[in-house]
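In what follows, a structure is listed as structure tokens, so that the remarks can point back to it.
Every read-out reported here was derived from the displayed coordinates using simple, explicitly stated rules and does not represent laboratory data. As the structure is a prediction and not an experimental result, all values here were calculated from the model. Every residue, glycine among them, receives a Cβ derived from its backbone with ideal geometry; neighbour counts consider all protein chains shown.
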Amino acid sequence: SNVICGFPGETEADVDVLCEFLAAAELDAIGVFSYSAEEGTEALQLDGRHSPEEIETRRARVADLADELVSQRAEARIGEKVQVLVEEAEREIIGRAAHQGPEVDGNVRLITGDRLKSGDLVDAVVADTDGADLVATTILDQRVSSIIGREITSR
């Protein structure tokens with residue numbers, strides 16, 4: 001979800017409500033942007049414009065909360081099964097799960113012994129996080145590690 005902070009007429013109470021909503025919504029990705037006046041829009045005619053400094057203060061407040069919430073949401077996925085579309089399979093195997101939009105919503109780093117290539121779709125289990133990004137092992141590696149009694153930690 002994306003939000004704009006500093007819209008003309010926005011109050012501190014409005015920002016509080018937005019923060020409460022974001023905390024309750026359990027979103028996987030949150031984009032936070034500053035309002036800017038655009039020619040030809042209805043908002044250009046509205047009263048209650050905020051200074052650039054106030055807009056940035058509000059944007060930063062919501063963005064800090066969003067970062068924290070997105071990280072918490074990612075951590076809540078530890079142990080969850082996800083399907084990963086492999087996008088890069090050179091040095092590391094990087095892809096994205098169904099809830100992650102390309103280039104904006106984080107990614108999944110796969111720890112696997114499997115030989116994968118770009119375009120592969122694999123089942124994996126989330127093992128760790130790095131902010132909004134997930135670290136997962138493929139299901140096959142989960143089975144192998146339980147059979148041999150040790151974790152597979154790298155390629």
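Listed values for segment 119-127 are Karplus-derived 3J(HN,Hα) couplings in whole Hz (6.51 cos²θ - 1.76 cosθ + 1.60, θ = phi - 60°), namely x, 5, 10, 10, 8, 8, 10, 5, 10, and x replaces Gly and Pro. Per-residue Karplus couplings for segment 83-91, computed as 6.51 cos²θ - 1.76 cosθ + 1.60 with θ equal to phi - 60°, are listed in order as 9, 10, 8, 6, 10, 9, 9, 9, 5 Hz, Gly and Pro entered as x. Result for the chain in a Gaussian network model with C-alpha springs under 10 Å: among 67, 105, 120, the largest mean-square fluctuation is at 120. Along the axis of the charge dipole computed for the chain (Cβ charges of +1 for Lys and Arg, -1 for Asp and Glu, origin at the Cα centre), the listed residues 71, 52, 116 are led at the positive end by 116.
Structural size metrics of segment 1-94, computed from C-alpha coordinates, are Rg and Dmax of 17.5, 53 Å. Under 5 Å between amide hydrogens, built in the peptide plane, is the criterion, and for residue 87 it picks out 94, 95, 96, 119 among residues at least 5 positions away or on other chains.
Here residue 92 and residue 56 are evaluated by their C-beta separation; at R0 = 30 Å the FRET efficiency comes out at 0.30.
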